[in-house]
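Colleague: My structure is below; once you've seen it, I'll send some questions.
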Amino acid sequence: MLTSPNRLVATVFGAVYLLVGLLGFVVTSGIGFFATEGANLIIFEVNPLHNVIHLAIGGALLYAGLTSTAMARTVNTGVGAVYLLVGVLGLFLLTSPLNIIALNGADNVLHLASAVLLLGMGLSMDKSATAVRA
């Protein structure tokens, strides 16, 4: 794992997103599952759906990071692309009734930063990942 930047990033991001998903449930007691305004977890707004999404993404990243370089690279790229989409769409959803994951400005910044890092890692590092199974 330490020889592959993709595996390291996937493992670290996976563990962090799992932790955030779990901590989110501590602060979202009484918040509707699809509530457009959630509870604050530090500076990020979350609702139960947002927490479930964090758990799913964290689990996928952690699993990929612990499995193989090729899988970590693929999942990093896929999650990065999804976060890029969520980050851009989130800019338009902040005050909309379609904001079912209770996004706020800090969430958008974090999603866009995660997208840049995950996409950059997945698309640039470990290019020979299909030939080398670490």
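Nothing in this text is a laboratory measurement; each read-out follows from the coordinates by a stated rule. Computed from a predicted structure; not experimentally measured. Quick reminder, even Gly has a Cβ in these numbers, built from the backbone with ideal geometry, and neighbours come from all protein chains shown.
Colleague: Any residue at all in region 82-97 that is without any contact (Cβ under 8 Å) to a residue 40 or more places away in the chain, touching an Asp or Glu at 6+ places or on another chain (Cβ under 7 Å) and either surrounded by fewer than 20 Cβ atoms within 10 Å (Cβ to Cβ) or over 15 Å from Leu119 (Cα atoms) (or both)? Let's see the steps before the verdict.
Modeller: Looking only at region 82-97, we keep the residues that are without any contact (Cβ under 8 Å) to a residue 40 or more places away in the chain, and these are 82-95.
Okay, now just the ones that are also touching an Asp or Glu at 6+ places or on another chain (Cβ under 7 Å), so 90.
Now drop any that are not either surrounded by fewer than 20 Cβ atoms within 10 Å (Cβ to Cβ) or over 15 Å from Leu119 (Cα atoms) (or both), which leaves 90.
Yes, that holds for at least one residue.
Colleague: Can you find a residue in region 37-54 that is surrounded by 22 or more Cβ atoms within 10 Å (Cβ to Cβ), under 10 Å from the mean Cα position of the chain (by Cα) and in contact (Cβ under 8 Å) with a residue 12 or more places away in the chain?
Modeller: Yes, region 37-54 contains a residue that is surrounded by 22 or more Cβ atoms within 10 Å (Cβ to Cβ), under 10 Å from the mean Cα position of the chain (by Cα) and in contact (Cβ under 8 Å) with a residue 12 or more places away in the chain.
Colleague: Among the residues that make up region 4-22, is at least one of them free of Cβ contacts under 8 Å to residues at least 24 places away in the same chain and more than 15 Å from Ser114 (Cβ to Cβ)? First the steps, then the outcome.
Modeller: Quick first cut of region 4-22, residues free of Cβ contacts under 8 Å to residues at least 24 places away in the same chain only: none.
Among the residues of region 4-22, not one is free of Cβ contacts under 8 Å to residues at least 24 places away in the same chain and more than 15 Å from Ser114 (Cβ to Cβ), which makes the answer no.
Colleague: Additional query: Given the conditions (1) among the hydroxyl-bearing types (Ser, Thr, Tyr); (2) closer than 23 Å to Pro48 by Cβ; (3) in contact (Cβ under 8 Å) with a residue 60 or more places away in the chain, and given that Tyr63 satisfies all but one, which numbered condition is not satisfied?
Modeller: Tyr63 satisfies all of (1) among the hydroxyl-bearing types (Ser, Thr, Tyr); (2) closer than 23 Å to Pro48 by Cβ; (3) in contact (Cβ under 8 Å) with a residue 60 or more places away in the chain except (3).
Colleague: If you take the residues of region 100-120 that are over 12 Å from Ala10 (Cα atoms) and polar (S, T, N, Q), which of them is surrounded by the most Cβ atoms within 10 Å (Cβ to Cβ)? Break it down stepwise before answering.
Modeller: From region 100-120, those over 12 Å from Ala10 (Cα atoms) are 100-113, 115-116, 120; that's our starting set.
From what's left, polar (S, T, N, Q): 104, 108.
Values: Asn104: 18, Asn108: 20.
The extreme case among them is Asn108.
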